[in-house]
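Data block below; observations after.
What follows draws every value from the coordinates through simple rules; no lab data is involved. Just so it is clear, the model here is predicted, and its values are computed rather than measured. Neighbour counts run over all protein chains shown; Cβ positions are idealised from the backbone, glycine included.
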Amino acid sequence: MAGTAKIALSGVRKAFGSKVVLDGIDLEVEAGESLVVIGGSGTGKSVMLKSVLGLLAPDSGSIRIDGQETVRVSGSGRVAMMKRFGMLFQGAALFDSLPVWENVAFGLIQGLRVPRERARDIAIEKLAAVGLDEAVASLSPAELSGGMQKRVALARAIAADPEIIFFDEPTTGLDPIMGDVINDLIVDCTRQLGATTLSITHDMASARKIADRIAMIYHGRIIWSGPADRIDDSGNDYVDQFVHGRAEGPIRMAVRDS
Amino acid sequence: MTFLAAVGRTFLAFLTAIGRLSIFTAYAVMHCVRPPFYGRLFVRQMIDIGYYSLPVVGLTALFTGMVLALQSYSSFARFNAEDAVATVVVLSMTRELGPVLGGLMVAGRIGASMAAEIGTMRVTEQIDALTTLSTNPFKYLVVPRLVAGLTMLPVLVLVADVVGVFGGFLIGVYKLDFNPSRYLASTWQFLEVVDVVSGLVKAAAFGFLIALMGCYHGYFSRGGAQGVGAATTNAVVSASILILSANYLITEFFVSGG
């Protein structure tokens, strides 16, 4: 039902120059639900996620959080909205000038004005939640492996107990085992918080693990969505081709990105 | 026709860049006067720009002062005006060479590192991460650098003035056999407050331009390592050109106004 969804996109369009990236996205995420959007490279996944986050402004359409319009909200309204969000970036995006614990506590110290001592305690608690002990807290992010950086980034994303968490390709660049560890952590952490999550990925193993519902994006439109356990009998040729990773099928991969 | 199209495209790209830079500058200046302020970052930038540039700027000024003394002596000896050496050294240093050479050296040192640091933060999504952690990247990254550039360059140039005059004094006394007290007396004789002040005004303007170019090119860099490299080059080149052209405008203002 319109208006009750935690996140609701309708008719979202975004073009860069003459290249249309989002061509009327309609998507709803219910409160407490985990929605995973799958799709190939260059189909508009990242742009969609950045539009919901407010890092990009869509050309038209509406994006509502709890029924409230967020497009073209800026200044203090935007900051207030960001405080309800957590985001796990594809490349972790840790601040390399700060030690691990300050990375995790960053949103608390800078955004929420929590005193440093208290923020450090919370950071260490959150690091423990992602399986990292206190010794890691004072290291610099550059000293960590890719999997550990992802864990720290996850701890940072959940540090302020956000209502909504976004995951951008959470398992990209990790080996399958570490990918599964991260998937497990994502499921555990978001369940514990009771958070609503919106993820994008092209890793089907990850999608199956963390999704309640899956939607597929192709050429800037949502072409299918349904419960995660229906992904194998979607009855949609595009979804089938993607799920089974076949080169042959209705989806033609563009060799050039632009 | 293709020629005209190319000219048109270049012209449009130029106008786009001017517009983008104007908005960037307006935004940055606006955030300079609006809380929250990050005192810790401001102090770190001041140390980085002010303290760690001292050796570079000091050596530049020392050798410049020495060369000035030698050159002006050998030229003025042709019409028996050797006594003007001290005056030429002090006026050249304070009015022109201190700020301009100091500014150019700092542009190479600081402008490049700002563009590289902010550019890397851009391409690794750290700037997006700042936004999602309720921290305005302008306040956190740009404002401390602009204010530190604006305030520390005059301090550096004041040091450069003193070191430059000292370089001239060394050559004058130990190589050209001037009487030390007479050299110092003629250094002071024709020096006016406006000479030093005009140099410091220039320095403040150059410091602002260096930081602005470093932040601007870093902030809009794209495309991985190559993009960051290009941003670094552009930051140094544009800062240097702006320093030289702003130098003319400020000189014009002081010469005709004072």
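Results, tabulated for the structure shown:
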item	result
Chain A - percent relative contact order, Cα under 8 Å, separation 6 or more	25
Residue-by-residue Karplus 3J(HN,Hα) for segment A:47-61, coefficients 6.51, -1.76, 1.60, Hz, glycine and proline x	5, 4, 4, 5, 5, 5, 5, x, 7, 10, 9, x, 6, 7, x
Value of relative contact order over chain B, rounded to a whole percent, pairs C-alpha under 8 Å and six or more apart	30
Neighbour cut-off at most 12 other Cβ (10 Å), DSSP loop, chymotrypsin sites (Phe, Trp or Tyr not before Pro), segment B:1-100	B:Y52
Debye, to nearest 20: dipole size of chain A, +1 on Lys, Arg Cβ, -1 on Asp, Glu Cβ	900
Sequence-distant residues sharing a close amide H with A:V73 (under 5 Å, placed H)	none
Residue among A:V71, A:V114, A:V104 with the largest mean-square fluctuation in a Gaussian network model of chain A, springs linking Cα atoms under 10 Å	A:V114
Cα gyration tensor shape for segment A:166-258, rounded if a/c is under 1.5, else prolate or oblate	prolate
Candidates B:P144, B:P154, B:P36, ranked by Gaussian network fluctuation over chain B, Cα under 10 Å, top entry	B:P36
Rounded tilt (10° steps) of B:112-123 against the dominant C-alpha axis of chain B	0
GNM top mover of A:N183, A:N236, A:N103 - chain A, alpha-carbon springs below 10 Å	A:N236
Exposure proxy ranking, count of Cβ atoms within 10 Å, fewest first, for A:K19, A:K50, A:K126	A:K19, A:K50, A:K126
18 Å Cα-Cα reach of A:K126 towards aspartates and glutamates, excluding residues that sit fewer than 8 places from it in its own chain	A:E102, A:E117, A:E134, A:D161, A:E163, A:D184, A:D188
Cα convex hull of segment B:1-93, projected area averaged across orientations, nm²	12.5
Angle in degrees between helix B:193-219 and the longest Cα principal axis of chain B, rounded to the nearest 10	30
Descending Cα extents along the principal axes, chain B, whole Å	66, 54, 36
Per-residue ³J(HN,Hα) for segment A:63-75, Karplus 6.51 cos²θ - 1.76 cosθ + 1.60, θ = phi - 60°, Hz, x for Gly and Pro	10, 10, 10, 6, x, 9, 5, 10, 5, 6, 7, 9, x
Share of pairwise Cα separations in the protein assembly as shown, more than 43 Å, in percent	33
DSSP beta bridge pairing in the protein assembly as shown, given as percent antiparallel to the nearest 5	55
Convex hull per residue volume in Å³, alpha carbons only, for segment A:1-61	87
Residue-wise HN-Hα coupling along segment B:231-243, computed from phi with Karplus coefficients 6.51, -1.76, 1.60 (Hz; x: Gly, Pro)	4, 4, 4, 4, 4, 5, 5, 5, 4, 5, 5, 5, 4
25 Å Cα-Cα threshold exceeded, pairs from A:K6/A:K83; A:K45/A:K209; A:K19/A:K45; A:K14/A:K150; A:K83/A:K209	A:K14/A:K150; A:K83/A:K209
With Cα atoms, 0 to 90° folded angle of helix A:146-158 axis to chain A main axis	90
Residues A:D188, B:D177 arranged by fewest to most Cβ contacts within 10 Å	B:D177, A:D188
Size of charge dipole - the protein assembly as shown - debye, nearest 20, with Cβ of Lys, Arg +1 and Asp, Glu -1, no other charges	1080
Local net charge near B:S92, Cβ-Cβ under 15 Å (Lys/Arg +1, Asp/Glu -1)	-2
Whole-angstrom gap from segment B:174-206 to segment A:78-125, using each part's C-alpha centre	51
Long-range HN-HN contacts of A:G86 with modeled amide H, under 5 Å	A:I164, A:I165, A:F166
For chain A, calculated [θ]222 nm from helices alone, where every DSSP H run of n ≥ 4 adds -39500 (n - 2.57)	-10000 deg cm²/dmol
Dipole in debye (nearest 20) - segment B:93-227, about Cα centre, beta carbon charges: Lys, Arg +1; Asp, Glu -1	120
Sorted by Cβ neighbour density within 10 Å, fewest at the top, the residues A:M148, B:M121, A:M48, B:M30	B:M30, A:M148, B:M121, A:M48
